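Have a look at the structure below before the remarks.
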Amino acid sequence: ITSAANFHLGASLTKTHWDHVPLMFLFMVYQVTGGSSGIGKCIAMECYRQGAFITLVARDEEKLLHAKKEVEKCAINNKQVVLCISVDVSSDYSQVENVIKQAQEKLGPVDMLVNCAGTSISGKFEDVQVDRFKRLMEVNYLGSVYPTRAVITTMKERRMGRIIFVSSQAGQIGLFGYTPYSPSKFALRGLAESLQMEIKPYNIYVTVAFPPDTDTPGLAEENKTKPLETRLISETAGVCQPQHVAKIVVRDAVQGNFLSSVGPDGYMLSALTCGMSPVTSITEGLQQIVTMGLFRTIALFYLGSFDSIVRRCMIQREQRTEKNKSKCKCFKK
């Protein structure tokens, strides 16, 4: 494999030839965990269309190879490379560190790390097996900690880099049925804020993305066991396409935005939950201040609607239970 490191040195020499391609992408190395499907794969394709070198990281080798073929179709020159790494980024840090080191030896140091590996479980708190809570924290949180830890030293030495954490709107608001999932996504926000304060002096910027429900294999799997209340609440926001989400996340990361949201609901949630998060500009901070009161008012109506859904489902469930009991009594008589 031709080393992308050589192109880092020669990028300035070819600037006039590649003027139509953003230099943030051209010959840069992008590493995407969870890159075999969904948002991760679409982010890889979006970056590859603009001249990047890509390393796809995921567990399923067969899906990785299929994703590699899809990404390669987006090439804009014959020097681009897609490298695949099959590893569980949540299980063993030393293994993750080793494979990422090998990838960097082949393609060069990572310019942007996209932490997109994740999984979801929905269900009532008491119905979810206890070990599933642990598993979600491992995949959704440690699955982002380990790859980030493996690249951060090199980024600081080079004094450049971008790190993306793909959270969820369920990482901004806790909803019915997401007691195993939401905490693991909320944790990414805390990690991102703390890490940004540490590495900003080194010209490294963190972006935490909060996509809504997105049409991915993960969502299809989640919907199989999603409680009625969760499904009804989720339907109020609709479903986005992963290609659209990917474009927004990549754009925000390149611009150095800390928060990345999708659509009006996403923007409102990000403004409402901004707290002590970093801002990209004074304008962004002023917008958050001005809109906070209005958005809080709208949010209260949303919360009232969600509570109404939960109560209505509970009443209907209790009525069905009573009806079934009555039928049983009649049958016994």
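State which residue is surrounded by the most Cβ atoms within 10 Å (Cβ to Cβ) when the search covers only segment 211-270 and only residues that are among the basic types (K, R) and in a loop (DSSP other than H, G, I, E, B). Among those that are among the basic types (K, R) and in a loop (DSSP other than H, G, I, E, B), it is K226. What about S182, is it in contact with a Phe, Trp or Tyr (Cβ under 7 Å, 6 or more places away or on another chain) and among the small types (G, A, S)? For S182, the condition - in contact with a Phe, Trp or Tyr (Cβ under 7 Å, 6 or more places away or on another chain) and among the small types (G, A, S) - is not met. When you check D265 against the structure, is it acidic (D, E) and over 18 Å from I309 (Cβ atoms), yes or no? No; evaluated as a whole, the condition is false for this residue. Note on segment 108-136: among residues that are among the β-branched types (V, I, T) and touching a residue at least 12 places away in the same chain (Cβ under 8 Å), the one that is nearest to R159 (Cα to Cα) is V110. Cβ-Cβ contacts under 8 Å between residues 6 or more apart (or on different chains), taken from a first residue in segment 62-86 that is hydroxyl-bearing (S, T, Y) to a second residue that is open to solvent by 20 Å² or more (accessible area, probe 1.4 Å) and outside any loop (DSSP other than H, G, I, E, B), are listed as S86/E61.
The values are calculated or read from the model by the stated rules, or taken from the named source; none is laboratory data. Small disclaimer: the values here were computed from a predicted structure and weren't measured. Methodologically, a virtual Cβ is constructed for each residue, glycine included, from the backbone with ideal geometry; neighbour enumeration extends over all protein chains shown. SASA here: full protein model, heavy atoms, side chains in, ligands and nucleic acids out. Shrake-Rupley method; radii C 1.70, N 1.55, O 1.52, S 1.80 Å.
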